[in-house]
Structures are given as structure tokens and as C-alpha cells.
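The values are calculated or read from the model by the stated rules, or taken from the named source; none is laboratory data. Everything numeric in this text was worked out from a predicted model, so none of it was measured. Backbone-built Cβ (ideal geometry, glycine too); neighbour counts: all protein chains shown. Surface accessibility is based on the protein's heavy atoms, side chains included, excluding ligands, DNA and RNA. Shrake-Rupley method; radii C 1.70, N 1.55, O 1.52, S 1.80 Å.
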Amino acid sequence: MSSQHQFVSAKNRAIQCGALLFIAALSLCLAGCHEAKPSPPFRPVVNTMRITLDKGAGRRTYSGVIVARHEVQESFRVGGRIEKRLVDVGDHVREGQVLATLDEKDLRLSVESAQAELRAALSNRDQTSTDEKRYATLLSKQVVSKSEYDLKHLSAEEARSRVERADSALKLAISQLGYAKLLSSTDGVVTRTSAEAGQVVPQGQSVVTVAQKGALEVLVDIPERRLQDIKETKAEISLWSNRDLRYRAVLRETSPSADPATRTYAVRYSLPDADASVHLGMTATLHLSEPANTPTARIPASALLNQGNGPGVWLVNAQTGQLTFKPVTVDHYTEGDAFVRGELETGDLIVTSGVQKLDKGLTVRLAGEEKEDVR
């Protein structure tokens, strides 16, 4: 019985050892099956282009508007309520033409009052002159004293002065009545109206603006940092109605102060070669050309990245795909593009889009063939 019990115990131990060996082998197999495989490095696909440095003329453009060299802001010389405005924007006017009229009721009352004052002054003058003559006769007969005569003489002098004042007041009232009609001071075109019929305007407030016929100019706003460069720069303008035709432009005037809102300076260029196709109010583009001292590259504006330390571009090593950030200086912008300069060379490969998603040292793949710069 004892030998049988020993046999069963040995058998159980053998079964347990076999189970342990099986579990260990199974664990090793499972560990081998779940061993992590290294993932390939992330290499994003980017659009690129090769840059070309150009040392030709630098070009900048600004939008402007065609204006008259001389504009007159016509205003009433007296205040009052506008009765009629006889012209609108775009109307051609001649010198002396009536542009607007005021209600004359109050002005006519002033004339009538001045006339009444003059009649009273004339009557008083006649009376005091008669008294002066009578007292002069009495003084010669020693009927009145010299002091009494002097009083009458002074009264007569005051009456004559009063007549002069009344006469001047009447002339002023008549002139003011004439000012109720606003007359054009020049031949030209109405470019702006600033008041309507029924509106009460003070003396000197602009009612109608008239552009004189003759020389035309283009008015543009120039940033402060470009203001010093325009003096020796060749300038031309083109009209939006005909972009292929260029007109010579000559710098005539620069505003002495900047616009408080835009911080730009109003600059006027005269157009000595303007023809009949150039009209007031047309939209124009000013083209400025100047020799470039430093070579610049024209790149898409989307290729620029500013991380707080100034703009730059991502350079790509065509062999390894390695990225390098290169700071640049923006010379100027055009529609969708930027002219930049810096530590760049002709043939450098730069990323043109998605630059904000890239990091220094990242390896990238080129999207298709490298695009040549055709800008």
C-alpha cells in the first residue's frame, strides 16, 4: 500500500513539472510573437521650388486714384439755410455759374433794417447841420457863447459819422444778400457735394467741391519706410481699365505728416503725358522701379515663416531631405509673392507650403519632381 501511494505521488509531481514546462514554453512563444517592431521615421511630403536670385530692378506697386491737381471747396460767405442745390457730382460747371442758393428772407430783412438806419442817420445829420449853422450866426452876433456853439458843432460831426456808418452797414447787408448765391469760382467738374437743400450751414462750410480743368495727378499712400526711396525712383502708372498702357509719372508733392489711422503718407504724382482716356476718379496702379543693390529672390508668400524672431524659409537638402531654417529679409510684397534676400543662393530648394507644420532637423520627402521657379 505504501509503495502504491509513493507511485501516485511521483506521477503527480511529474505531471506538475510537465505543466510548468509547457507554460514556460508557451510564455516564451507568446513573448516572441508580441515583440514590438520598430516603426519607420515620419517623413512628411512637401512642395518645393528652386529659387533664383535676381539683381535686376526692384519693383513695387501701389494703388491710387486719379485726381485734379487743383480742387476748390466752394462755400457760402454767409451762414443760412440752403434753399436749392443746383449741381450734382459729375456736372461740368463754368466760372460764375450758380451752384446753390440760401433762403434770402433774413438777409433781406437785414438790408431793410440798414436802409432804415441810413434814413434816420441822414435826417439827424440834416437837423444837426441846420442847428450848427444857426448857432454859428448867433455866435457871430455874440448872442450865444462859444461853448454852446461847440456842442452843436460836435453833434453835427457825430451825425455825419453816423451817416457814414449807416451807409457802410447798408453796403455790407446788400453784399451779404448777394452772397446768398454760391457761384463757381472756376471752370471744372463737381467731384463732391457736402450739403443738401434744407440744411443749415455756417459761413465757410464746404458745400460743393469743384476740380479745375487741366492737369491731372495720381494720389497714392506710401508707407513710411518707403518714403525716402521714391525721390530717385522711376515711376509709371497704369489704369485698371487698361493695364497694358503705361503713363510717365513725376513726383510732385509729399504730405508733411502721416495719416493718423494708416500711418501712410499721401503722395501726388503729376501725369504730363495723360491723354483723353484718363478721367477723374479712375483707379490707377503706381509702378516704381529702382536698381536693386542686393540680389533678391521671388518666392510665394506661403513659403515665409515667422516664429517671433523674423521671417525665414525652410531649405531642403535634395539628397537627404534634411530641413534647415534660413532667416530672410522681405524687400517688398506683390500679389501673392514676396521678394526676399538673405543667406540664399541660386538653386536653393525651399518649402513652399505648410511651413508652419515643420520643425528644424526634420527629414522630408519631395512631392513629385522639384519645381523650377517660373515666377
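Tabulated results
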{"quantity": "Residue within the range 200-215 that is free of Cβ contacts under 8 Å to residues at least 60 places away in the same chain and open to solvent by less than 60 Å² (accessible area, probe 1.4 Å) present", "calculated": "no"}
{"quantity": "Contacts under 9 angstrom Cβ, first residue in the range 84-111 being in contact (Cβ under 8 Å) with a residue 40 or more places away in the chain, partner aromatic (Phe, Trp, Tyr), 6 or more apart", "calculated": "Ala100/Phe76; Leu102/Phe76; Leu102/Tyr179; Leu107/Tyr179"}
{"quantity": "Checking Ala169 against (1) in contact with a helix residue (DSSP H, G or I) (Cβ under 6 Å, 6 or more places away or on another chain); (2) on the phi > 0 side of the Ramachandran plot, the condition it does not meet", "calculated": "(2)"}
{"quantity": "Residue tally, condition of a type in the set (S, T, N, Q) and surrounded by fewer than 14 Cβ atoms within 10 Å (Cβ to Cβ), over the range 74-119", "calculated": "1"}
{"quantity": "Meets criteria (part of a helix (DSSP H, G or I), open to solvent by less than 80 Å² (accessible area, probe 1.4 Å), farther than 30 Å from Gly214 by Cα and modelled with pLDDT under 90) for Leu122", "calculated": "no"}
{"quantity": "Any strands (runs of 3 or more DSSP E) falling wholly within the range 44-94 and containing at least 2 residues that are within 21 Å of Gly188 (Cα to Cα) and not acidic (Asp, Glu)", "calculated": "57-68, 71-75, 80-85"}
{"quantity": "Residue check for Arg77: touching a helix residue (DSSP H, G or I) at 6+ places or on another chain (Cβ under 9 Å) and in contact (Cβ under 8 Å) with a residue 60 or more places away in the chain", "calculated": "yes"}
{"quantity": "The one condition in (1) in a strand (DSSP E or B); (2) under 19 Å from Gly96 (Cβ atoms); (3) open to solvent by 60 Å² or more (accessible area, probe 1.4 Å) that Arg192 fails to fulfil", "calculated": "(2)"}
{"quantity": "The range 129-178, residues that are within 60 Å of the chain's Cα centre (by Cα) and not aliphatic (A, V, I, L, M)", "calculated": "Ser161, Arg162, Glu164, Arg165, Asp167, Ser168, Lys171, Ser175, Gln176, Gly178"}
{"quantity": "The listed residue being within 13 Å of Thr48 (Cα to Cα) and touching a residue at least 60 places away in the same chain (Cβ under 8 Å), out of Ser289, Ser353, Ser302", "calculated": "Ser353"}
